1. Tally time: how many residues in the stretch B:99-110 are more than 9 Å from chain A (Cβ to nearest Cβ) and crowded, with 18+ Cβ neighbours inside 10 Å?
2. Any residue that is outside any loop (DSSP other than H, G, I, E, B) and within 14 Å of chain A (Cβ to nearest Cβ) - is there at least one of those in the stretch B:146-156?
3. Which condition breaks for B:ARG84 when tested against (1) within 9 Å of another protein chain (Cβ to nearest Cβ); (2) at pLDDT below 85?
4. Could you tell me which of the residues A:LEU682, A:LEU665, A:LEU661 is away from every other protein chain (no Cβ under 11 Å) and farther than 20 Å from A:SER706 by Cα?
5. Can you find a residue in the stretch A:428-443 that is at pLDDT below 90 and either β-branched (Val, Ile, Thr) or buried (at least 23 other Cβ atoms within 10 Å of the Cβ) (or both)?
6. Restricting attention to the stretch B:111-136, which residues are of a type outside the set (Phe, Trp, Tyr), facing chain A (nearest Cβ under 7 Å) and either within 15 Å of B:ALA42 (Cα to Cα) or in a strand (DSSP E or B) (or both)?
Amino acid sequence: MRFDAALALAACLAPAAAVFEDDAHHIDFHYALLGLPKHDATFFQKPFAGSKASLLYTISQNQTIGVVNPKDGALVWRQASSHDGAGPGLLRSGEGQDTVVSAAGDRISAWSASDGRLVWETRVAGATVEDLEILEQEDGITDTEAKDAIVLLGNGKPGVKRLDGKTGRTKWTFEDASGDTPFQVSTSPTTIYYISLHTPMIGASKLRVTSLSPITGKKLDQYTLSSDSDIQSREHILFAGANTAAPLIAWTDVANKVLKINIIGTKGVSTFHAPSGEPVERIILHAPDRVNSLAHFLVEYQTAVGHSADVYHVDLKKSTISKAYSLPALKGKGTFTTSTSDANVYFTRVTAEEVTVVSSVSHGVLGRWPVRGTPALAGAYPVHGTSEVVVKADSATAVRSAILFSNGQWSLIRNGEIAWTRPEFLSRVVSAVWAELPEEEEALAHKLEAEGDRNLVSAYIHRVERHIRDLEHFPAWLQNIPNRVLGNVIGKSEESAIEEIHHDTFGFHKLVIVVTERGRLAALDVGSKGKVVWHIDLNQFSPKTTFHSPSMRAFAGYVEVKDASLEGSIYINSTTGGLISSQDIEVRSNVAAEGQSLISFDLVDGDLEGFLDTKSSPEAIWTFEPPKGERIISYTARPVKDPVASIGKVLGDRRVLYKYLNPNLVLVTTVVESSRTASVYLLDSASGQLLHTSSHRDVDVSRPISSTISENWFSYSFTIDSKSATSSRGYQLVVAEMYESPLPDDRGPLGASPNASTLQPSEGNGDAAKPHVLLQTWHIPEEISHMTVTQTRQGITSRELLVTLPASNSIVGIPRQAIDPRRPIGRDPTAQEQSEGLTKYTPMILFDPKWHLNHKYELIGVKNVITSESGIESTSLVFAYGLDIFGTRVAPSFAFDILGKGFNKVQMLLTVVALFVSVLFVAPLVQRKQINSLWTT
Amino acid sequence: MLLSKLLLLPVAVASSLTVYVHSVPAAASSKAAPIPSPIPLAQIDYDAATSAGSLTSYTPPTGAFTPEHLLRICLTDSKSGSWRGVVTSAASFGEQYTKKFTIHVDDKGEPYHVGFGTSARDAGDEIMIEIVKRGAGPKPVLNKPIVLNAEGKLDDKEPEKTFLQKYWWAIGLFVLVQFVAGGSGDK
């Protein structure tokens, strides 16, 4: 009780818990992720014409534009697409330009290359952008001003547009009404080529090339390439070298045996044969992307066991293609990148073991560097990349390649050394759970339980035996002590992550297992700044499944992964990432004890329904159907593990308001689109009783409505419709507290009875089931997309409401004190209310900058935030995921049970030693003095 | 005016609904299900406007029940035949309890959920009816805007106190002093 009071006092003194400066970047971590970079839209580029160093630009598969410093892999800027646009993500940049142009869905945007500010944006309504090129030259003259963009539209309104490079305005539009499928656009100094896939009623698809005038956009010429019956689908068409002197289009047959290449603008088709031997799985064309470079290109052949390549030269005058030389076939996987320097073209071959550079003119190797592997890239092979080469006097002196590896790491290899790796496979996490490690304590508890069943003597022997067996670990433990003490005093100790988790006194080291959209599973140690402990690709366990949004559940020692497209589930060991067969797991039933049955609930056809013991009875025992026209958008249940330290709230006059603590509370949110109403329903999930309702009018139901429930309170937030005629508009946060009775020192009809049931009849006077609900609403400055509550071990520490703010890319922890629905309205709090920590109600809650958990980090695309208790009561672990990954720990009532970083252990030890020494010195003096005084008196 | 009120009257009152009861189908255990299909339990008349309801008829479920038997108390949709409601123990229908039916109605007065609770029965009725309208959610309590007059000053200045109101205590003191001083002067 006194402890509680002390806590309440601490909370009153400083209700705002902030991230301390010396804690920032130590207790928290942030992965600012992009996603897997796309091959054709990743390039080195100088951010402005006179810049000395170049940056690495990319657009990822989830259409996030990112710019990375090639030196250290740090993010310079990024822009995440706010919506999942259809069509490919494209990113192009003209030579010597200070902007980069991107296209995603129906948006074409130009960004300042050095800081990522928006220069212009154009939307093409009702169409998606299929391709985007920069018009480098016009009539053979390079435009030094902003270069125009050529956009290929598809899906609805096929056509080509030329956009002004400065403003984004349309200069001309060429509309294609032939019904062809737009495929690519390419520019040459004099012509724009629009390539489409013509599919006649009978027969195979044909490639149709339309040449357009760059100035007017008028059709100059059109021809169809006689492709016979080779082209079956888009996947078999290869394209390379847009914007070059000789843009190429190529296609292969189904077996990848014959390669046919056409120089766009000519009608001739050259046929080449793939190397015989191993069947070729994939053919990739690599060509330079500069207008003034040599018209050379490389064809890469990938087989199941290795890869090889041929280099071809294009004779522009004769419009012929001839093979120049072949690069030897190598075992294992690898990739090629193209880079230019003036007119010269260099090809860099990157494998997991070495990097070699050759010139496009001859097959002599200009430079060779063995790659020193790192643990992060173990077992992975390069998928694609881009390179920058420095060649002096016919030998490559330096090469750096940004390579995407097969395990999802994006890394830069500088002269054979791995300069940095970015764990891009972690982006777009759809589900995350706190891993439960198999606990030793539990085993101990079982052993102790076993003793209870025996008679006294055998139990005693059992106990002694166990102690003797435990002595085995004693020498190792003794040996470990100096290390651990030293590690404690000096700083970090060298331990592997799993060991760290086992030896963790404070419980900060916890494993979070995350799964991404694509089915990549990873374990991160939240305590050691989000270190990736292991990561695996789930596709290796079920090659046929395409994962869409897998979900997970954690059990002791393993996680269960489920996906809509997956039959059954996959079980993965939490500590190693290894597959566990379902036979090895003793399937533990849910928490229901013997003689009890469990009621579960789920959303069925838009109604919330409760079931008795899911397996045996498919029929609902209760159903909740919202009023006609309403649609359930979400429901939130009280967390299974939600410890409450005090069953009452002590008022200023020492009376107590008893909390309504029902473990089965479910908060259901519904909306009606037509009347712009949002309602919340509080249900008891055991009986289906409706405990509380409230509905709000003039709500913008298209915006997210987030809600959470914990202890004896729940909260939700919504947006008031901007067209409504209410007295105030904006974003609102509602917080409700439930008590057993409106009167202090009254436990309501249930009294102090230890058990209560919502199913069995009650003998109390009055309606037992209903809580007394206190509500208050506040305006908040920003929209909340998700909310959750901190969790601590015993629930003594006051809670914090963690809200995700998508508009400012942050996570804010609102102290419970600030959103207490008992704040006095329209008057100052009385002395008693003040002693409770209540302050006067203000209609607006401003998010104190000190409440922001993310301080300098920008958290983009946060989908969900999960919390967990740590080993100590004061602290709760927080983990946020989505596009980015962020983890931190919060102490809502301050870290009252742990020494801060500012505590100097060495100084304390020195002080103790100094005191001891002084005592040694002083003791004889004192003794002598005492003896003397005895003799003299 | 009166006529229009009279015309509106029949619309406002007299909604009626039937609460049904049926048992939860037998699970793996051997307990049989005494009421396999919904049977009427109570007939309730209610007026959503005044939140008043009255019981028309009540037929308690009969059969061999044990407290483990679970009964579903529900409203049924006449069109789709679906039901919505809560679950309670069969023991709730014992005579020693007061049963309370809670009918949750939406803004239009349509019932959408039923609740059921029991409490100790004293001399009162065995059945209680409660009609609960969906409450409006709380709104932020805004501060009052400051209204200025044409001169740009606060309009409702507090009226000036009169001389007497302001200095009554000084006068009183003066009078008291006069009395006291006068008394001593006589001596």
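1. 2
2. Checked the stretch B:146-156: no residue is outside any loop (DSSP other than H, G, I, E, B) and within 14 Å of chain A (Cβ to nearest Cβ).
3. (2)
4. The unique qualifying residue is A:LEU661.
5. Taking every residue of the stretch A:428-443 in turn, at least one turns out to be at pLDDT below 90 and either β-branched (Val, Ile, Thr) or buried (at least 23 other Cβ atoms within 10 Å of the Cβ) (or both).
6. Hits for the stretch B:111-136 are B:HIS113, B:GLY115, B:GLY117, B:THR118, B:SER119, B:ALA120, B:ALA136.
Okay, residues lined up against (1) closer than 24 Å to A:PHE425 by Cα; (2) out of contact with any helix residue (DSSP H, G or I) (no Cβ under 8 Å at 6 or more places or on another chain); (3) modelled with pLDDT under 85:
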| site | (1), (2), (3) |
| --- | --- |
| A:ILE461 | no, yes, no |
| A:VAL485 | no, yes, yes |
| A:VAL489 | no, no, yes |
| A:SER493 | no, no, yes |
| A:ASP504 | no, yes, yes |
| A:VAL515 | yes, no, no |
| A:GLY519 | yes, no, no |
| A:VAL532 | yes, no, no |
| A:THR545 | yes, no, yes |
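The rows are residues; the columns are (1) surrounded by fewer than 23 Cβ atoms within 10 Å (Cβ to Cβ); (2) not hydrophobic (A, V, I, L, M, F, W, C).
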| position | (1), (2) |
| --- | --- |
| A:LEU859 | no, no |
| A:SER874 | yes, yes |
| A:LEU877 | no, no |
| A:ALA880 | no, no |
| A:PHE886 | no, no |
| A:ALA895 | yes, no |
| A:GLY900 | yes, yes |
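The values are calculated or read from the model by the stated rules, or taken from the named source; none is laboratory data. Worth saying up front: this structure is predicted, and the values here are computed from it rather than measured. As a convention, Cβ positions derive from the backbone with ideal geometry for all residues, glycine included, and neighbour counts pool all protein chains shown.
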